[in-house]
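Working notes for the structure below.
The values are calculated or read from the model by the stated rules, or taken from the named source; none is laboratory data. All values reported here derive from a predicted model rather than from experimental measurement. Using ideal geometry, Cβ is built from the backbone for each residue, glycine included, and neighbour counts are taken over all protein chains shown. These area figures cover heavy atoms from the full protein model, side chains too; ligands, DNA and RNA do not enter into them. Shrake-Rupley method; radii C 1.70, N 1.55, O 1.52, S 1.80 Å.
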Amino acid sequence: MLTDKRILLIIAGGIAAFKSLDLIRRLRERGAWVTPVLTAAGAEFVTPLSVSALAGEKVYTDLFDLTDEADMGHIQLSRSADLVVVAPATADLMAKMANGHANDLASTLLMATDTPVLVAPAMNVRMWEHPACRRNVSTLRGDGVMFVGPNEGDMACGEYGPGRMSEPLEIVAAIETALAEGPLTGRRILVTSGPTHEPIDPVRYIANRSSGAQGTAIARALTTLGADVVFVTGPADADRPEGAHVVEVETAAEMLDAVHSVLPVDAAIFAAAVADWRVASASGSKIKKQAGAIPSLDFAENPDILATVSQMQTGRPPLVVGFAAETDDVIANATAKRLRKQCDWIVANDVSPETGIMGGTENAVTLISDDGAEHWPRMGKDDVAHQLAERIAAALA
Ligand code: C5P
């Protein structure tokens, strides 16, 4: 139920705007208050009268409406909701959001708000797949904007593909998920994930086989429990976690800087497979292949991010969790690692090639803490993530 939840619903200009009328009805049925905002283009598809009649509230349309400003200023309007929903979200409005435009009421509200934002895109398939739209979607995801849809199917323009706005009940479900309160609501948690790339020259780098799957699953699980997650990731294949603030980095040094800028947090989970070494003096230009001349590389040690944060004298997160991917003497090595780095927990796993864990979908971990070593059965990485998120919630309670 959405009893007494306040939704600021921005309806932009697309044929899918007619579905937003039904969305308003569904939200009201569930006890939510809907404050509608209609863009000028949106008003070409649905009338302000039908929107306000269904919402049972005034519809806001204009940034420079003096009556509105006297009534409720646009900044206050942007902060008055529990969730801002944009449905339909057009390519144009998403471009404005991604680039920080604020030249009408909808885009200004989206810039000014301090509430979570959920968008339901709706557009032609070619527009959805256009590189500019891909860039904007990825920027918005990185900013922590949540998405529902678009769905694949026949489009009003006669084409077929992804771009149809989600159905009203799907949007309602996404709203319920976004507003779900969990044991980690109000907690800010950092998760590092993925490999790092350490440059040899502008085209070559040293890396490892981390897919980022486990870190991504942990970030998702923490978000599901209500946490405000900042996800600092190296160049990983895994999809970025929905609803998390994503910070993309390449090298260990960049990851350390990003981590410092994210602190303070209530908990920090270091799931990244950070390269232990970097090339001491990476070449600024491509190293040329010359017959018989094999270049030799000098290495320098990378900062140990987990140890650095675990040993902070002030501002240390109350819970610091490290990972230990080992191929031999897993428990003994991980136990020693926990003491050496001074983190609170270590999640240890055996990544010998025959386990298929590195890059796979399953994991078999041992949680090492002050209480000793607790073996968890082999399970999906999502299940490991959920179990770990529950433990983190219990530890922070
Ligand atoms: O020492 P090792 O790499 O095995 O330790 C693994 C743990 O330490 C992981 O949690 C990893 O994210 C973290 N780590 C780090 N910075 C490094 C190396 C590892 O944060 N430079």
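Worth a mention:
- Evaluation of residue 345 against (1) away from the ligand (no atom under 16 Å from the Cβ); (2) in contact with a Leu (Cβ under 8 Å, 6 or more places away or on another chain) (one fails), failing number: (1)
- Exactly one residue out of 158, 153 is assigned to a loop (DSSP other than H, G, I, E, B), small (Gly, Ala, Ser) and either in the same structural domain as residue 116 (by TED's automatic domain parsing) or open to solvent by less than 30 Å² (accessible area, probe 1.4 Å) (or both): that is 158.
- When residue 116 is tested against (1) farther than 30 Å from residue 387 by Cβ; (2) touching a residue at least 40 places away in the same chain (Cβ under 8 Å), only condition (1) is not met.
- Test: residue in the stretch 120-135 that is within 25 Å of residue 6 (Cα to Cα), hydrophobic (A, V, I, L, M, F, W, C), out of contact with any Phe, Trp or Tyr (no Cβ under 7 Å at 6 or more places or on another chain) and not in a helix (DSSP H, G or I): yes
- Taking the stretch 332-359 as the range and being assigned to a helix (DSSP H, G or I) and of a type outside the set (A, V, I, L, M) as the test, the residues that pass are 333, 335, 337, 338, 340, 341, 353, 354, 355.
- Within the stretch 130-150, considering residues that are surrounded by 15 or more Cβ atoms within 10 Å (Cβ to Cβ) and among the small types (Gly, Ala, Ser), the one farthest from the chain's Cα centre (by Cα): 149
- For residue 200, the conditions (1) open to solvent by less than 40 Å² (accessible area, probe 1.4 Å); (2) under 30 Å from residue 282 (Cα atoms); (3) at pLDDT below 95; (4) not acidic (Asp, Glu) are fulfilled apart from (3).
- Test: residue in the stretch 314-331 that is out of contact with any His (no Cβ under 9 Å at 6 or more places or on another chain), open to solvent by 40 Å² or more (accessible area, probe 1.4 Å), assigned to a loop (DSSP other than H, G, I, E, B) and of a type in the set (A, V, I, L, M): no
- Test set (1) within 18 Å of residue 192 (Cβ to Cβ); (2) more than 16 Å from the ligand (Cβ to nearest atom); (3) without any contact (Cβ under 8 Å) to a residue 24 or more places away in the chain; (4) hydrophobic (A, V, I, L, M, F, W, C) - residue 379 fails condition number: (1)
- Test for residue 247: is it in a strand (DSSP E or B) and either open to solvent by less than 20 Å² (accessible area, probe 1.4 Å) or more than 16 Å from the ligand (Cβ to nearest atom) (or both): no
- Residues of the stretch 311-338 classified as among the acidic types (Asp, Glu) and near the ligand (Cβ under 9 Å from one of its atoms), total: 1
- Sole residue being in a loop (DSSP other than H, G, I, E, B), more than 13 Å from the ligand (Cβ to nearest atom), without any contact (Cβ under 8 Å) to a residue 12 or more places away in the chain and not β-branched (Val, Ile, Thr), chosen from 241, 264, 295: 295
- Subset tally (residues that are open to solvent by 70 Å² or more (accessible area, probe 1.4 Å) and within 12 Å of the ligand (Cβ to nearest atom)) for the stretch 298-310: 1
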